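Worksheet for the structure shown next.
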Amino acid sequence: MGSPDTVPRRSPTTLPPEAVTAGIVGLALLATLRWPALRSGVLAAATATLALHAVNHWVDLGEAHRDWVGVFDGVTLTGMALLGASLTASAMRGGGAEGAAGGTSPGAPAAGRGRGG
């Protein structure tokens, strides 16, 4: 990191861009609870954001405050992007929360149509 004179000062009344991005992604993910059709698209956008953030950390590895922080951030962000990719793929296949939220599996009898009538 640079000397105190070269570090840009941020107004205490403004939010950092990372917080704004995380807030927007969080609100979009909350919206998918109401509108499940948006789920795969929102997950894909969140995953792309994480992947780009991970690439940014790997490129700026030498600029980290401490040597291990850059590697730690790169590894954790890459892991989160891989998890996001897995969740996105699952949502695109139609798996995930829809089945747990009351849907039935293909071989399960529908409600009210069990044995005996």
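Summary table below
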| quantity | calculated |
| --- | --- |
| Spacing of the two label points (7 Å from each Cα toward its C-beta) at Val71 and Trp58, in nm | 1.6 |
| Simple spin-label estimate for Leu38 and Leu15 in nanometres, 7 Å along Cα-Cβ | 1.6 |
| Two-site FRET efficiency, Ile24 against Ala85, from Cβ-Cβ distance with R₀ of 30 Å, rounded to 0.05 | 0.95 |
| Cα convex hull of the range 38-95 - mean projected area over all directions, nm² | 3.6 |
| Packing rank of 37-50, 78-91, where each peptide gets the mean count of other beta carbons within 10 Å, highest leading | 37-50, 78-91 |
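Laboratory data are not the source of any read-out in this text; all were calculated from the coordinates shown. Just so it is clear, the structure is predicted and the values come from calculations on it, not from any experiment. Cβ sites come from the backbone with ideal geometry, for glycine too, and all protein chains shown count toward neighbours.
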